[in-house]
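Step one of this worksheet: look at the structure below.
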Amino acid sequence: MRLIHLPTFWTVVVDCIAWFIIHMGVVAITIRIPANRFHLNSWLYKNRDWEREGDLYQEIFKIKKWKKHLPDGAALAGKLGFPKKKLRGRSETYLGAFLIETCRAELTHWLIIFFAPFFFLWNPFGIGLFMIFYAVVENLPLILAQRYNRYRLRRILVKEGSNF
């Protein structure tokens, strides 16, 4: 049961504005979290056995076919953003920073999904469910890409003798 009743036109307008504010607000907050707060082995980011060293993402999801088409939100974050579309170096420092940024991006997309249930406050139940569906469909591919990238980056670092 929604708490706020709006005409359909205004519901759509509020939905669009709310998603924009959620996206930009979450990015504005997560981009400012210091890199040392992200730990590769913390609960959210750690390797899972079922991921099979990242192979699951290619075998099941065929990630190599579509990952290149995903947007890179670094441009939205301005000078604080970290481009993740392609590797721009192979130094341990750069690859380590890239690893941390995959954690930041994953957290960002999980948080955006987290906000979807708030749409039940002013949307009918069916539209509220659609908003959850939208949030998952929009953000899950980006989460999968970040997890896949972490495995790839770790493989590069291990080949080059790093302890990551």
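The values are calculated or read from the model by the stated rules, or taken from the named source; none is laboratory data. Quick caveat, the model's predicted, so the values are computed rather than measured. Don't worry about glycine lacking a Cβ; one is built from the backbone with ideal geometry, like all the others, and counts go over all protein chains shown.
All conditions but one from (1) loosely packed, with under 14 Cβ neighbours inside 10 Å; (2) in a helix (DSSP H, G or I); (3) modelled with pLDDT of 95 or more apply to Leu44; the one that does not is (2).
Of the helices (runs of 4 or more DSSP H) that lie entirely inside the stretch 62-164, those containing 3 or more residues that are under 13 Å from the mean Cα position of the chain (by Cα), more than 17 Å from Leu40 (Cα to Cα) and of a type outside the set (A, V, I, L, M) span 125-159. Residue-level check: of (1) aromatic (Phe, Trp, Tyr); (2) over 30 Å from Gly126 (Cβ atoms); (3) in a loop (DSSP other than H, G, I, E, B); (4) in contact (Cβ under 8 Å) with a residue 60 or more places away in the chain, Tyr57 misses just (3).
Put simply, of Ile33, Ile17, Ile21 the only residue that is of a type in the set (Val, Ile, Thr), at pLDDT 95 or above and within 24 Å of Phe98 (Cβ to Cβ) is Ile33.
Within the stretch 60-108, the set of residues being basic (Lys, Arg) and touching a residue at least 40 places away in the same chain (Cβ under 8 Å) comprises Lys67, Lys84, Arg90, Arg104.
Is it the case that Lys84 is out of contact with any strand residue (DSSP E or B) (no Cβ under 9 Å at 6 or more places or on another chain), closer than 16 Å to Tyr148 by Cβ and at pLDDT below 85? So Lys84 fits the description; yes. Taking the stated definitions as given, is Asn36 farther than 18 Å from Glu138 by Cβ, polar (S, T, N, Q) and assigned to a helix (DSSP H, G or I)? Answer is yes for this residue.
The residues in the stretch 5-18 that are touching a helix residue (DSSP H, G or I) at 6+ places or on another chain (Cβ under 8 Å) and either over 17 Å from Phe130 (Cβ atoms) or part of a helix (DSSP H, G or I) (or both) can be counted, and the count is 3.
Screening Ala35 against (1) farther than 30 Å from Gly161 by Cβ; (2) of a type in the set (A, V, I, L, M); (3) surrounded by fewer than 16 Cβ atoms within 10 Å (Cβ to Cβ); (4) touching a helix residue (DSSP H, G or I) at 6+ places or on another chain (Cβ under 7 Å) leaves a single unmet condition, (1).
Checked against (1) crowded, with 19+ Cβ neighbours inside 10 Å; (2) touching a Gly at 6+ places or on another chain (Cβ under 7 Å), Asn139 meets all criteria but (2).
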